[in-house]
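The values are calculated or read from the model by the stated rules, or taken from the named source; none is laboratory data. No experiment lies behind these values; they were computed from the predicted model shown. So basically every Cβ, Gly included, is an ideal-geometry build from the backbone, and we count neighbours across all protein chains shown. Remember, those area values only see protein heavy atoms, side chains included, never the ligands or the DNA or RNA. Shrake-Rupley method; radii C 1.70, N 1.55, O 1.52, S 1.80 Å.
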Amino acid sequence: MKGKVALITGSTSGIGLSIAKAFANSGFNLVIHGLEPDGAEIARNIEKEYQIETHYSSANLLNPAEIEQMVTESLSKFGTIDVLINNAGIQYVSAIEEFPLDKWNEIISVNLTASFCTSKAVWEGMKQKKWGRIINISSAHGLTASEFKSAYVASKHGLIGLTKVLALEGAGFGITANAICPGFVKTPLVEKQIADLVSKHHISEEEVVQNIILQKHAIKDFVSSDSIAALALFLASDHASMITGTSMPIDGGWLTF
Ligand code: NAD
């Protein structure tokens, strides 16, 4: 993998950051991306620690022109994007009758439309090289539903549909596309949900975690972001060249219920 280039959206936090470190550790050069204010510093630190090259982008995924610019800048720095990981995602929790339309549109844009835009932008390069990997971080919520998460569940199901089409269209060109479907991972995205549930139900964080969040998992623990990173790294490898169009749960047995 040494010298290959991976663009990982949302890699300045949570799961994306773990994926970035795992790929850096395998010798990938990286496009680090995300909205965290210390994003450029995160990229510099990864560059130093793993002795690789990075490019940092703070493109707002709500804006397709910024996405295109991020890919153009990355290609002009590295000449190639071999692996695209569509990881950035957002959540909003509300009953359907109160769910604001602007939140719906934002979630569909970041979680789904942006993945279409990034895939489209890297496609020609991968096709010409006859090698490419697209890994979409969907969710267990891409394969099942929970109440109050209409936009998130719809976006993550949509991302799995997009993954299947990319797999079909890439099949003749050495491009694979797969989705990873995690259960709950303790990142800022989930920490916010835990805090909201603590205030809503007036119970402790421990009770929220055990009785509400992990109630979905057969194995009563969080999924580790490092395990998701290891799975992504495997999907990016040559050993995974015949794996395409799949949606892989890593969910502590949630989807067995
Ligand atoms: P996180 O909040 O820690 O990180 C999200 C990243 O996306 C951040 O870097 C943020 O800057 C970036 N981002 C958000 N909106 C953006 C925008 N408009 N433009 C550019 N960047 C933007 O979240 P996480 O938990 O690490 O989630 C990563 C992915 O994994 C998401 O797609 C999420 O849906 C998915 N996922 C998370 C869990 C979980 O339990 N944490 C479970 C299943 C799936």
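For residue 129, give me every one of the lysines with a C-alpha distance below 22 angstrom, ignoring sequence neighbours fewer than eight places off in its own chain.
2, 4, 77, 120, 164
Express in % the proportion of alpha carbon pairs of the stretch 1-97 at distances exceeding 23 Å. Don't skip to the end; give the middle numbers.
Numbers: 950 of 4656 pairs.
Cα-Cα pairs in the stretch 1-97 separated by more than 23 Å: 20 percent.
Students often forget the sequence filter, so: which lysines lie under 28 Å Cα-Cα from residue 220 once same-chain residues fewer than 8 apart are removed?
Partners within reach: 21, 149, 156, 186, 192, 200.
Under the Karplus relation 6.51 cos²θ - 1.76 cosθ + 1.60, θ = phi - 60°, what is the ordered set of whole-Hz ³J(HN,Hα) values for the stretch 11-23, x standing for Gly and Pro?
9, 9, 7, x, 4, x, 5, 5, 5, 4, 5, 5, 5
For the stretch 2-47 and the stretch 148-223, what is the separation of their C-alpha centers, rounded to whole Å?
Using only Cα atoms to place each centre, the spacing works out to 21 Å.
Output the direction-averaged projected area (hull surface divided by four) of the convex hull of the alpha-carbon atoms of the stretch 117-257, in nm².
Values: hull surface 36.1 nm².
Answer in nm², one decimal: 9.0.
Check each of the chymotrypsin sites (Phe, Trp or Tyr not before Pro) in the stretch 148-210 and keep only those in coil by DSSP with at most 16 other C-beta atoms within 10 angstrom; list them in order. Display every interim value, and only then the final one.
Details: sites: 148, 152, 173, 184; in loops: 148, 184.
Taking the stretch 148-210 and a limit of 16 other Cβ atoms within 10 Å, the loop chymotrypsin sites (Phe, Trp or Tyr not before Pro) found are 148.
Let's test the formula: R0 of 41 Å, r as the Cβ-Cβ distance of residue 96 and residue 173. What FRET efficiency results, to the nearest 0.05?
Values: r = 41 Å, r/R0 = 0.99.
The computed FRET efficiency comes out at 0.50.
Within the accessible area of the stretch 41-131, what % is carbon and sulfur when the probe is 1.4 Å and the other protein chains stay in place? Don't skip to the answer; put the middle values down first.
Numbers: 2460 of 4920 Å².
For the stretch 41-131, the apolar C and S fraction of the accessible surface comes to 50 percent.
Binning every alpha carbon pair distance of the stretch 63-176 at 5 Å from zero, what are the percents per bin?
Spelled out bin by bin, the stretch 63-176 gives 2, 12, 21, 21, 17, 12, 8, 5, 2, 0 percent.
Using the heavy atoms of the protein chains alone and a 1.4 angstrom probe, what is the accessible area of the stretch 31-158 per residue in square angstrom? Before the final figure, lay out the partial values.
Values: 6070 Å² over 128 residues.
On a per-residue basis, 47 Å².
Tell me the Kirkwood radius of the chain: reciprocal of the mean inverse pair distance over distinct alpha-carbon atoms, in Å.
On the way: mean 1/r = 0.0542 Å⁻¹.
By the Kirkwood definition, the hydrodynamic radius is 18.4 Å.
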